[in-house]
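Just below is one structure, and these are the notes that go with it.
The values are calculated or read from the model by the stated rules, or taken from the named source; none is laboratory data. Treat the numbers as computed from the prediction; the structure is a model and nothing was measured. When we count neighbours, we look across all protein chains shown, and the Cβ atoms used for this are built from the backbone with ideal geometry, even at glycine. Protein only, heavy atoms only, side chains kept; ligands, DNA and RNA dropped before computing areas. Shrake-Rupley method; radii C 1.70, N 1.55, O 1.52, S 1.80 Å.
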Amino acid sequence: MSALGSAGAVPSLWMVAEGEKLKAPDIEFSQLSPTLIVLGVAALGIVLEAFLPRRSRYGAQVFVSLLGLAAAFAAVVALAATGSGGTKAQIAGMGAIAVDGPALFLQGTILLVAIVSVFIFAERRLEPSAPGAQVDSFAAQPASVPGGEGEREATKAGWTTTEVFPLLLFAVGGMLLFPAANDLLTLFIALEVFSLPLYLLCALARRRRLLSQEAAVKYFLLGAFSSAFLLFGTALLYGYAGTVNYSGIARVISNADATTDPVLAQTMGNDALLLIGGALVIMGLLFKVGAVPFHMWTPDVYQGAPTPVTGFMAAATKVAAFGALLRLLYVVLPGLRWDWRPVMWGVAILTMLAGALVAITQTDIKRLLAYSSIAHAGFLLAGVIATSEDGVSSVLFYLAAYSFVTLGAFAVVTLVRDAGGEATHLSKWAGLGRRSPLLAAVFAVFLLAFAGIPLTSGFAGKFAVFKAAAEGGAGPLVVVGVIASAIAAFFYLRVIVLMFFSEPQADGPSVAVPSVMTTSAIAVGVIVTIVLGVAPQYFLDLAGQAGVFVR
Amino acid sequence: MIGLLVGAPLLGAAVLLCGGRRLDRAGHWLACLLSGASFVIGVLFFLDMLGRSGDDRSLHSHLWSWVPVEGFQADVAFQLDQLSMTFVLLITGVGTLIHIYSVGYMEHDPRRRRFFGYLNLFLAAMLLLVLADNYLLLYVGWEGVGLASYLLIGFWQDKPSAAAAAKKAFLVNRVGDAGLAIAIFLMFTTFGSFAFAPVLSSATDASEGKLTAVGLMLLLAACGKSAQVPLQSWLGDAMEGPTPVSALIHAATMVTAGVYLITRSGAIFNAAPDAQTVVVVVGAVTLLFGAIVGCAKDDIKKALAGSTMSQIGYMILAAGLGPIGYAFAIMHLVTHGFFKAGLFLGAGSVMHGMNDEVNMRHYGGLRKHMPVTFVTFGLGYLAIIGFPGLSGFFSKDQIIEAAFAKGGTQGWILGAVTLLGAAITAYYMTRVMAMTFFGEKRWKPDAEGNEPHPHESPRSMTIPMVVLAFGSVFAGGLFKFNESFVNWLEPVTQFEHGHSPLSATAVTSATVVALVIGVGAAWLQYGRRTVPSVAPRGSLLTRAARRDLLQDDFNHIVLVNGGTYLTRSLVYADNKVVDGAVNGTAATFGGLSGRLRRLQNGFARSYAVSMFGGAAVLIAATLLMRAV
């Protein structure tokens, strides 16, 4: 077996030959600091959970989480400022992790989303009927049987699940790694690192716990299924290329690397392995972004999960998964472009249309937003397919814009409540504009942004993505995208009509008066939505500068 | 600095319209002050201009770049030359007088502040129109005066007739505005610009066909704004507005915007003789049309409106004659501005004294009760019929002479039409004069049963009338003296002496004869005999003229009914075809949505199956791509 496989110049961490001395890997800690900080703080959160008394955990966890995320964001900014996003982009961690423009942009976005999410997670004034009581979105004691004695006692004692903060941080750590992963095994590990905490978080809803647990189990089963796809694809690609390193595989595809590993002589260069392996890896990622036909989990999980978790998932997972998909398609498989493009065309068209169509008949606001997120995944795929630098930067911009709209929208959903918790059935939202004009107006802003109405970030993002797609030769895709947008506009506007032009129901929901936490989260959402809509140029430029992957 | 001319009244409009009730007590004086300020600035510019030589009098001021796009440059820039200067002085001078008059006239109106705000808005828009250095900015002013006119005609919006008249004026004007817009588009495609200087200097480079098209579109615009046939129908109804508005907007200034437009675009018309011919025809037809309508109306303001139409017909005709007529068109425009504004203010004064009665058959013998009004109105009357020595005599005489000078058969026809017009003018104006101020009292109590007690109007109303009467008497002579007016305008409009087949003396004599015939006929009919309080049935022509020569009937049958039919068919098509398609699409999508939704059955196993199936299809497709 030849040393270091066929990875060539970049030594692979995973391929060490027999008899060779195992060298300690060379890790560039400063380059990896954002991820390391977040994971370190997550571990610290576990320690806090173990040693602090129950009363003081909440404050400590919120403080430590915010501090850690802010520090990680500062690290991202520092890296970008020193040129790691552009000229000094490099591959760190012995070929495992890329530190380049797209990675830093997406990491920054994920960290900001995470900070806002912490605010929403930390909201504890969600009971409009009992203003003083500390009620958050999470179960008092998740291990207790729903509706059982244990739950009653825990609720009575006022316990809260402060473990959500370390769980969130672990997920964020995985997400930071996901779009930066530069070999397939790191990709897989990152996927698992952020998925497992999410499965858990999904099960933690305070109200409707059975639905929440069902969602978690479904998410876990289907997620495991898709992980298997990804892992199987990794194996096939290794068989094809003799390496799991992104640029190594790319070199084999483009025949730049002539050396053949004798052990893999049977399989190397077998195009069937490449095509099937590549398709399987892509599918694993398509599952995470919620593209048709791998989208079925989305509505059930979005509906069942605690709404703050849904918002975080919808925003951050999408950012991370699209980042990984972009890197995979642009760094590993560009030589295969003519094979994957037509298939991705089909997926994008199906995703846009199915998401928009099925959303029309939804009656639950969280399911509606879930289908909306499927449609948006389709729009994003259109930008991905552009296979140009513009395509990358437009997708980056869209992701940043979309994630804040999503966070804000779900944050609003947490506030509209009745006796059974959140009032998510659309009929309950009728006439909300008369009772709480400000809240309804804010929600209307988010809906307009989802619909892509000018002067909102949604328009700027959609325009950028469609422009890149059209210039990349995907004109028909843009046409379908615009049709899907028109269909989607219908159900977004329907909610606005419902809120402002319908008579309120007699037993309608009441709106919680949130603490500064949710208020500031929603405010951030609105501000980002408007600023990116009115003056998008600076951010478009920023995304434009971050459009080149390091190879 | 030129911007101040527009800025002062614009400021007034903004303050008055946004200021709210606290300005109710002093707002109208603010409006008068700003209008006066604009006039003073205009006079200062005028004096400054007189100090320079003829070719050096055009001022230019670039304010800011309006639409700076590559290949499409629109600027907010002003050009103040002799032609604009003439209009500035007329607009601000007459405008200020009418502001002052309105202080008295609108004294008891609860919405007086708003009225003055609109008046200031009108002044600003009209000044913008005449000061713009390009057609696009002119268009802004053009629409601005249209808006102000609409607001002021419908000022008493609680009266359905006023609201309807405002709407009618607005709609008819839209037709003309569309013409102006198209003219600007054509200019841009032909010349690559719409600023006066490049368009007019390179007009001769363009093909005649294009120039004719531009000219006809400009004429359409002029017809709309200046109430020329076939877009004349709105002017009579516009008299529903307060009388000062009729005097300022619908007699002295705004309705002459069409004459300005044609004169300003002289270079285009000079190079497009066909368009010029159409202009002349429109002017001649309107001249007679308005005069005939004026003869039959019993409403004093509508009679004057017919007269306005007819006099603007003279101006349009003169403008259509080319360089031999432009200067006289503008000269008549200015003298007309004086005497017609004076006549309207006089009519307003009469109505003020007669409980807002407008029917002349219910007037009579007012000369003793309203001496100032009688004298000023009388001087305006003498001026408009062209009594030798007064303003109208000089300006109208010049137009008649120029009409003959057109040459050939055309010249003879035009000359005859203008002479006939002069006779009819004398007829209908004498009729108005006789029915209002002479004869016995035919006063009737108003709807509430109040007997009228005619009295002279307050100072604020009589002083502007007196000033305007001075203008009516002396302006013409001043302009004619030493050909000062023609020389003043010559650098802008060019001037050629027409060669009339008749000598100047012969034309003047013919004019005076026409005048005497007209006055005599009217005096025999209305001065000597008793005027019946109820209008007699009259001849077919009289009845048609009372109905504005059936213009509204024509519009109603052809345009309104046609339009209604068209809309109905479109609505039908919209309901059946378009809505059908839309609702069908919606139903299709809804049905599809409902069916797709059923796939989402909540079972993780079927989700997994769909993932597996999807994966299989995608892999197959990928492999197939390679195989193909």
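Given the pairs A:LYS462/B:LYS576; B:LYS302/B:LYS340; B:LYS225/B:LYS480; A:LYS156/A:LYS366; B:LYS159/B:LYS297; B:LYS297/B:LYS441, which span a C-alpha to C-alpha distance of over 24 angstrom in this model?
A:LYS462/B:LYS576; B:LYS225/B:LYS480; A:LYS156/A:LYS366
Count, for each residue of B:617-628, the Cβ atoms from other chains sitting within 10 Å of its Cβ, then give me the mean as a whole number. Walk me through the numbers on the way to the answer.
On the way: counts 3, 13, 9, 3, 7, 14, 6, 3, 8, 7, 0, 1.
Mean partner-chain Cβ count within 10 Å for B:617-628: 6.
How much FRET efficiency would the formula 1/(1 + (r/R0)^6) give for B:MET625 and A:LEU52, where r is the Cβ-Cβ distance and R0 is 56 Å, rounded to 0.05?
For R0 = 56 Å, the calculated efficiency reads 0.45.
Defining a contact as two alpha carbons under 8 Å apart and six or more residues distant in sequence, what relative contact order in percent does chain B show?
12 percent
Report, in whole Å, the centroid distance computed from the Cα atoms of segment B:259-311 and segment A:272-330.
74 Å
If you average the C-alpha positions of segment B:181-230 and of segment A:332-357 separately, how far apart do those two centres end up, in angstrom?
Their Cα centres are 54 Å away from one another.
Order A:272-285, B:249-262, B:536-549 from most to least packed using the mean count of other Cβ atoms within 10 Å.
B:249-262, A:272-285, B:536-549
Quick one: putting +1 on the C-beta of Lys and Arg, -1 on the C-beta of Asp and Glu, what dipole do you get for the protein assembly as shown around its Cα centre, in Debye to the nearest 20?
Using only the charged Cβ atoms, the result is roughly 2600 debye.
What is the distance, in nm, between label points placed 7 Å from the Cα along the Cα-to-Cβ direction at B:LEU559 and at A:THR155?
Output for this residue pair reads 7.3 nm.
Would you please give the residues with an amide H less than 5 Å from that of B:ALA195, counting only those at least 5 places away or on a separate chain, with H modeled from the backbone geometry?
Close amide H contacts, sequence-distant or interchain: B:TYR135.
If exposed GluC sites (Glu not before Pro) are those in a DSSP loop with at most 14 other Cβ within 10 Å, what is the longest stretch of chain A that has none?
The longest uninterrupted stretch comes out as A:29-551.
Read phi for every residue in segment B:424-431 and hand back ³J(HN,Hα) as whole Hz from Karplus 6.51 cos²θ - 1.76 cosθ + 1.60, θ = phi - 60°, with x for Gly and Pro.
Computed from phi, the couplings for segment B:424-431 are 5, 4, 4, 5, 6, 6, 4, 4 Hz.
For B:LYS210, give me every one of the aspartates and glutamates with a C-alpha distance below 16 angstrom, ignoring sequence neighbours fewer than eight places off in its own chain.
B:ASP274
How far apart, in nm, are the 7 Å Cα→Cβ label points at A:ALA133 and A:ILE483?
5.1 nm
If I take R0 = 51 Å and measure r between the Cβ atoms of B:GLU456 and A:ARG434 in this structure, what FRET efficiency does the formula 1/(1 + (r/R0)^6) give, to the nearest 0.05? Display every interim value, and only then the final one.
Details: r = 60 Å, r/R0 = 1.18.
That pair, B:GLU456 with A:ARG434, gives E of 0.25.
Suppose R0 equals 60 Å; then what is the FRET efficiency for A:THR259 and B:ARG605 from their Cβ-Cβ distance, rounded to the nearest 0.05?
Calculated value: 0.85.
Using only the alpha-carbon atoms of segment A:25-545, report the extent along each of the three principal axes, biggest first, to the nearest angstrom.
73, 54, 41
May I ask you to evaluate 6.51 cos²θ - 1.76 cosθ + 1.60, the Karplus curve with θ = phi - 60°, for each residue of segment B:558-570 and list the ³J(HN,Hα) values in order in whole Hz, giving x for glycine and proline?
7, 8, 5, 5, x, x, 4, 4, 4, 4, 4, 5, 5
Apply the Karplus parameterisation 6.51 cos²θ - 1.76 cosθ + 1.60, with θ equal to phi minus 60°, to every residue of segment A:313-325 and state each ³J(HN,Hα) to the nearest whole Hz, in sequence, with x for glycine and proline.
Those phi angles translate into 4, 4, 7, 6, 4, 4, 4, 5, 5, 5, x, 5, 4 Hz.
Need one word for segment A:160-236: rounded, prolate or oblate. Basis is the Cα gyration tensor (sqrt eigenvalues a ≥ b ≥ c); a/c below 1.5 gives rounded, then a/b vs b/c decides.
Oblate is the answer for segment A:160-236, as a/c is 1.5 or above yet b/c matches or exceeds a/b.
Which aspartates and glutamates does B:LYS168 reach when only Cα atoms under 20 Å apart count, and residues fewer than 8 places away in its own chain are ignored?
B:GLU143, B:ASP158, B:ASP177, B:ASP237, B:GLU240, B:ASP299, B:ASP548, B:ASP552, B:ASP553
With a 1.4 Å probe, how much accessible area is buried between chains A and B, both sides summed, in Å² to the nearest hundred?
2700 Å²
Using DSSP to define loop residues, name the trypsin sites (Lys or Arg not before Pro) in segment B:58-147 whose beta-carbon has at most 10 other beta-carbon atoms within 10 Å.
For trypsin sites (Lys or Arg not before Pro) across segment B:58-147 that sit outside H, G, I, E and B with at most 10 neighbouring Cβ atoms in 10 Å, the list is empty.
Roughly how many whole Å is it from the C-alpha centroid of segment B:1-37 to that of segment B:399-426?
Here the two parts' Cα centres lie 44 Å apart.
On C-alpha positions alone, give me the angle between the axis of helix B:208-226 and the longest principal axis of chain B, in degrees, nearest 10.
Approximately 70 degrees, to the nearest ten.
Please compute the average number of Cβ atoms from other chains found within 10 Å of each residue's Cβ in peptide B:603-616.
On the way: counts 3, 11, 1, 1, 11, 8, 1, 5, 12, 3, 1, 11, 12, 0.
For this peptide, the per-residue mean of nearby foreign Cβ atoms is 6.
Provide the per residue accessible area, probe 1.4 Å, for the protein assembly as shown, rounded to a whole number of square angstrom. List each step's numbers first, then the result.
Details: 44390 Å² over 1179 residues.
Using a 1.4 Å probe on heavy atoms only, each residue of the protein assembly as shown averages 38 Å².
Taking the simple approach of a point 7 Å from Cα along Cα-to-Cβ for both B:ARG25 and B:VAL466, what is their distance in nm?
3.0 nm
Towards the positive end of the charge dipole of the protein assembly as shown, with charges on Cβ (+1 Lys, Arg; -1 Asp, Glu), say which of A:GLY101, B:LEU59, B:VAL350 has the farthest Cα.
The residue sitting farthest along the positive end of the dipole is B:VAL350.
Per-residue counts of other Cβ atoms within 10 Å, averaged by peptide: what ranking do you get for A:84-94, B:50-60, highest first? Mind dumping the intermediate values first?
Details: A:84-94: 18.3, B:50-60: 12.5.
Packing order, densest peptide first, comes out as A:84-94, B:50-60.
Within 10 Å of each Cβ of B:584-597, how many other protein chain Cβ atoms are there on average? If you can, show how the numbers build up before the last one.
Working: counts 0, 2, 3, 0, 1, 7, 4, 3, 7, 11, 4, 3, 7, 9.
Average neighbour count from other chains, rounded to a whole number: 4.
Taking loop as defined by DSSP and a crowding limit of 11 other beta carbons within 10 Å, which chymotrypsin sites (Phe, Trp or Tyr not before Pro) in segment B:376-478 fit?
The qualifying sites: there are none.
Taking the mean number of other Cβ atoms within 10 Å as a proxy for protection, how do you rank B:449-457, A:336-344, B:481-489 from highest to lowest?
Going from most to least packed, we get A:336-344, B:481-489, B:449-457.
Would you mind calculating the relative contact order of segment A:289-409 from Cα pairs under 8 angstrom and at least 6 residues apart, reporting the percent as a whole number?
Here the relative contact order equals 38 percent.
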